[in-house]
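What follows is one structure encoded as structure tokens, with my remarks underneath.
Bear in mind that the values in this text are calculations on the coordinates, not laboratory data. All values reported here derive from a predicted model rather than from experimental measurement. Cβ sites come from the backbone with ideal geometry, for glycine too, and all protein chains shown count toward neighbours.
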Amino acid sequence: MPDLTPDEIATQIGTEQVVSLCGYVSEALGEENRLGLVSDSWFASYLLFDKDAAVARLAGAGRQDGKSVVWLRPDSAVTEVQRGRNGASDTRTDRKAFEVALDELAANTPPPVAQPDGSVWSSPPPKNPR
């Protein structure tokens, strides 16, 4: 029989409403009681959130890309920061965590899949493909 011990993350989250975000967790320099979640590999954009907004975290050390998954309360305040280039100032936008999660989900849709008959389906496949 397989080991069916409940995952620790599921125990931490329980029945709480959460949204998940993925990135590299970092200190938020000059931002007391906040953490940063770097969302791109160039470290050009990141999210700032209050430490107490986080419900659970799956550390990136166990993932191939090294990114952590962080579960936040949906209505928690998140500040998106886009680093300016060539000395330009940073752009900061205040949003709710669920809005950021929806944007991340939309940006990470799977690519279309070529079918044996030559048609191309996006995910999910059409209800009536013929």
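Answer rounded, prolate or oblate for region 8-115, using the Cα gyration tensor with square roots of eigenvalues a ≥ b ≥ c: rounded when a/c is under 1.5, else prolate when a/b is larger than b/c, else oblate. It comes out oblate by the Cα gyration axes.
When the GluC sites (Glu not before Pro) in region 1-73 are filtered for DSSP coil states and for at most 12 other beta-carbon atoms within 10 Å of their beta-carbon, the remaining sites are 16, 32. Taking other residues whose beta carbon is less than 9 angstrom from the beta carbon of residue 79, and scoring Lys, Arg as +1 and Asp, Glu as -1, yields 0.
The value of relative contact order for region 8-115, using C-alpha pairs under 8 Å at least six residues apart, is 23 percent. Between the beta carbons of residue 89 and residue 57, assuming R0 = 30 Å, the FRET efficiency works out to 0.50 to the nearest 0.05.
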